[in-house]
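**Student:** Mind having a look at this structure? Questions to follow.
The values are calculated or read from the model by the stated rules, or taken from the named source; none is laboratory data. The shown structure was predicted, so the numbers you read here are calculated from the model rather than taken from an experiment. Cβ placement follows ideal geometry from the backbone for every residue including glycine, while neighbour counts extend to all protein chains displayed.
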Amino acid sequence: MSQIELSDRGDKKTVEDGDLLMPKFDGDGLIVAVVTEVSSGEVLMVGYMNAEAFKRTIETGEAWYWSRSRQGYWKKGETSGQIQQVHEILTDCDQDALVLKVSVAGNGATCHVGYRSCFYRKVAKAEDGTVRLERVEAEKVYDPAEVYGKS
């Protein structure tokens, strides 16, 4: 579908110091993408891309992912209106992970549960040693049942 071509993997020096995009996909053909809000740097979500989703993202400027649970492509926000406009894509030193800096359309939320970020809880250890999750986002941005039609 896409016209974008990715380079084949090269030697370590070329991958780490060169200017060719040579992504390293895992055994399932996927690469992890950490998604952050472009102006604040807030981590919004983590997704996975296969080569075609990555190419679609580069070509369209909107974030596409590979859904591991549904085994299909999904354009983030296609149903909810929370389209992720990609401003920048970074890759790490060995090109096996991505960071997408995005702005989010619609209500600005990313999480399908209704929060702005998928990382709306933190791990907290009590004095007695028990571990719980505490909310770092007090309220949901939207009701998922209204957006997706299910509860």
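**Student:** On the basis of being touching a residue at least 40 places away in the same chain (Cβ under 8 Å) and assigned to a strand (DSSP E or B), does residue 6 make the cut?
**Tutor:** So residue 6 fails the test.
**Student:** With the checklist (1) in contact with a strand residue (DSSP E or B) (Cβ under 8 Å, 6 or more places away or on another chain); (2) modelled with pLDDT under 95 in hand, flag the one item residue 42 doesn't pass.
**Tutor:** (2)
**Student:** Regarding residue 24, is this residue of a type in the set (D, E, K, R), under 19 Å from the mean Cα position of the chain (by Cα) and modelled with pLDDT under 95?
**Tutor:** No: the conditions fail for residue 24.
**Student:** Residue under question is residue 90, and the condition is that it be within 20 Å of residue 6 (Cβ to Cβ) and crowded, with 16+ Cβ neighbours inside 10 Å; does it hold? Walk me through it before giving the result.
**Tutor:** Working: within 20 Å of residue 6 (Cβ to Cβ): yes; crowded, with 16+ Cβ neighbours inside 10 Å: no.
Considered against the rule, which asks whether it is within 20 Å of residue 6 (Cβ to Cβ) and crowded, with 16+ Cβ neighbours inside 10 Å, residue 90 comes out as no.
**Student:** Shifting gears a bit: Using beta carbons and a limit of 6 Å, which pairs, at least six apart or on different chains, have the first residue in segment 67-90 and under 22 Å from residue 39 (Cα atoms) and modelled with pLDDT of 95 or more and the second one surrounded by 12 or more Cβ atoms within 10 Å (Cβ to Cβ) and acidic (Asp, Glu)?
**Tutor:** These pairs meet every condition: 83/62.
**Student:** So which residues in segment 102-151 are of a type in the set (Gly, Ala, Ser), surrounded by 10 or more Cβ atoms within 10 Å (Cβ to Cβ) and more than 19 Å from the chain's Cα centre (by Cα), if there are any at all?
**Tutor:** Correct list: 124, 145.
**Student:** Quickly run through segment 100-127 and pick out the residues that are under 24 Å from residue 61 (Cβ atoms), among the basic types (Lys, Arg) and at pLDDT 95 or above.
**Tutor:** If the condition is that a residue be under 24 Å from residue 61 (Cβ atoms), among the basic types (Lys, Arg) and at pLDDT 95 or above, then 101 is the only one that fits.
**Student:** Follow-up. When the residues of segment 13-40 are filtered to those that are touching a residue at least 24 places away in the same chain (Cβ under 8 Å) and part of a helix (DSSP H, G or I), which remaining residue is surrounded by the most Cβ atoms within 10 Å (Cβ to Cβ)?
**Tutor:** 15
**Student:** Just wondering, is there one or more residues in segment 99-122 that are under 30 Å from residue 19 (Cα atoms), in contact with an Asp or Glu (Cβ under 9 Å, 6 or more places away or on another chain), touching a residue at least 40 places away in the same chain (Cβ under 8 Å) and not aliphatic (A, V, I, L, M)?
**Tutor:** Within segment 99-122, one or more residues are under 30 Å from residue 19 (Cα atoms), in contact with an Asp or Glu (Cβ under 9 Å, 6 or more places away or on another chain), touching a residue at least 40 places away in the same chain (Cβ under 8 Å) and not aliphatic (A, V, I, L, M).
**Student:** Moving to a separate point now. Quick one: which strands (runs of 3 or more DSSP E) lie wholly within segment 41-151 and hold at least 3 residues that are of a type outside the set (Gly, Ala, Ser) and under 29 Å from residue 13 (Cα atoms)?
**Tutor:** The qualifying strands (runs of 3 or more DSSP E) are 43-49, 84-91, 97-104.
**Student:** Would you confirm, using the coordinates I've provided, whether residue 69 is closer than 26 Å to residue 114 by Cα, more than 13 Å from the chain's Cα centre (by Cα) and surrounded by fewer than 16 Cβ atoms within 10 Å (Cβ to Cβ)?
**Tutor:** In short, yes.
**Student:** What pairs come out if I take residues in segment 135-151 that are at pLDDT 90 or above and pair them with residues that are among the charged types (D, E, K, R) and in a loop (DSSP other than H, G, I, E, B) whose C-beta lies under 9 Å away, six or more apart or interchain?
**Tutor:** As it stands, the answer is 137/116; 140/116; 141/116; 144/150, since those pairs meet every condition given.
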